[in-house]
1. For the chain, what is the accessible area per residue in Å² when the probe is 1.4 Å?
2. So how do 132-140, 154-162 stack up, highest first, on mean other-Cβ count within 10 Å?
3. Distance between the C-alpha centers of region 133-192 and region 222-265? Whole Å please.
4. Give the carbon-plus-sulfur fraction of the accessible surface of region 1-138 in %, rounded to a whole number; probe 1.4 Å, heavy atoms of protein chains only.
5. Please name whichever of THR99, THR50, VAL67 sits farthest to the positive end of the charge dipole of region 16-109, dipole taken about the Cα centre and charges placed at Cβ: Lys and Arg +1, Asp and Glu -1.
6. In the chain, if every C-alpha pair distance is counted and binned at 10 Å from zero, what percent goes to each bin?
7. Please list, by residue number, every one of the trypsin sites (Lys or Arg not before Pro) in region 1-51 that is coil in DSSP and has at most 13 other beta-carbon atoms within 10 Å.
8. Under a Cβ-only charge scheme (Lys and Arg +1, Asp and Glu -1), can you give me the dipole magnitude of the chain about the Cα centre, in debye to the nearest 20?
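The values are calculated or read from the model by the stated rules, or taken from the named source; none is laboratory data. Just so we're clear, the structure is a prediction, and the values are computed from it rather than from any experiment. All Cβ positions, glycine included, derive from the backbone under ideal geometry; neighbour counts span all protein chains shown. Areas reflect the complete protein model, heavy atoms only, side chains present, ligands, DNA and RNA absent. Shrake-Rupley method; radii C 1.70, N 1.55, O 1.52, S 1.80 Å.
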Amino acid sequence: RKGNVIITGASSGLGLATAKALADTGKWHIIMACRNFLKAEKAAKSVGITKENYTVMHLDLSSLESVRQFVDTFRRSGRPLDALVNNAAIYLPTAKEPTYTAEGFELSVGTNHLGHFLLSRLLIEDLKKSDYPQKRLIIVGSITGNTNTLAGNVPPKANLGDLRGLAGGLNGLNSSAMIDGGEFDGAKAYKDSKVCNMLTMQEFHRRYHDETGITFSSLYPGCIATTGLFREHVPLFRILFPPFQKYITKGYVSEEEAGKRLAQVVSDSSLTKSGVYWSWNNNSASFENQLSQEASDAEKARKLWEVSEKLVGMA
Ligand code: NDP
């Protein structure tokens with residue numbers, strides 16, 4: 001049978017390119033988990049994913065209620081779950097003030113980390129039940145959260161501190177809207193959320209890999225300077241960033257190429273090792289990359305897991 005893969009944020013950028021790459025193999029049915037139904041339908045059409053290869057299901061990661069409803073809807077579809085790709089993200093680098101999710105968490109961390117955390121915690125049960133030979137749970141990471149790289153050292157740097165803001169509810173009321181308890185900074189909130197994504201992947205690996213055989217992975221697909229992720233950035237940045245990445249840093253990768261990379265992490269039989277953060281060199285060969293000290297801190301990962309469980313109502 002075909003594999004069934006859920007991809008969050010498959011309505012644009014990396015998620016859409018991955019959906020296309022997997023659909024083209026003829027071996028996957030893609031569940032496009034998106035907040036905008038019409039946009040997702042149009043996106044699937046625009047890249048030529050054929051009707052029998054995808055289903056759009058509504059998911060708004062900035063509402064935990066919506067996450068739970070999505071899981072119910074998926075279960076009622078009767079499809080087994082063979083792979084889950086946590087890909088959606090928002091980036092608000094120019095925001096002066098924090099904005100919040102339905103439950104009142106700062107929007108970047110609430111969407112990119114907490115929404116995906118609840119989704120993955122719930123759907124791991126479905127992955128466990130599937131009889132698919134190589135089951136995978138992927139959380140897309142980023143170089144920008146890794147302070148052991150050049151890109152990760154551009155200020156403001158990611159830093160979760162002792163998680164005091166997160167433990168306080170990340171609501172800007174009785175706690176800071178930032179995980180480390182500091183002043184709000186939209187660019188840092190995104191980077192922090194990506195560190196959470198990479199820590200969460202590793203904690204899933206430690207807690208579930210031996211028992212379930214599921215492969216847990218994260219990745220940095222390369223700098224896809226053309227996606228909607230930068231839509232909130234100042235216009236001059238949006239003009240200069242793609243050529244800068246293409247000709248100066250040479251980290252640039254097309255959406256199509258990045259989609260093929262993520263599709264490999266979903267289905268390539270040589271990428272079955274669990275707990276790995278994948279990257280690609282300039283010849284597009286994959287390798288196991290090193291995470292920064294903070295993004296590989298097992299004690300912090302455990303604490304993040306426990307605090308996150310409380311916030312999403314699973315503890
Ligand atoms: P895009 O902005 O193109 O795609 C992000 C997707 O997330 C969109 O489909 C968007 O939906 C969706 N999304 C945003 N908020 C929500 C929400 N509340 N509920 C459901 N879906 C939501 O960005 P990219 O493709 O670049 O980003 C994809 C992933 O790649 C992210 O995890 C990002 O961190 C990562 N990444 C990107 C890099 C890059 O250079 N672009 C580099 C490294 C990592 P909608 O279409 O409705 O807006």
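1. Details: 13490 Å² over 315 residues.
Spelled out: the 1.4 Å probe surface of the chain, per residue, equals 43 Å².
2. Numbers: 132-140: 21.6, 154-162: 16.4.
Averaged packing, sorted descending, gives the order 132-140, 154-162.
3. Here the answer is 21 Å between Cα centres.
4. On the way: 2820 of 5400 Å².
So the carbon and sulfur contribution to the accessible surface is 52 percent.
5. The residue sitting farthest along the positive end of the dipole is THR50.
6. For the chain, the binned pair fractions read 6, 29, 38, 23, 4, 0 percent.
7. Values: sites: ARG1, LYS2, LYS20, LYS27, ARG35, LYS39, LYS42, LYS45, LYS51; in loops: ARG1, LYS2, LYS27, ARG35.
Within region 1-51, the qualifying trypsin sites (Lys or Arg not before Pro) (loop, at most 13 other Cβ atoms within 10 Å) are ARG1, LYS27.
8. On the way: 37 positive and 32 negative charges, 161 e Å.
With Lys and Arg at +1 and Asp and Glu at -1, about 780 debye.
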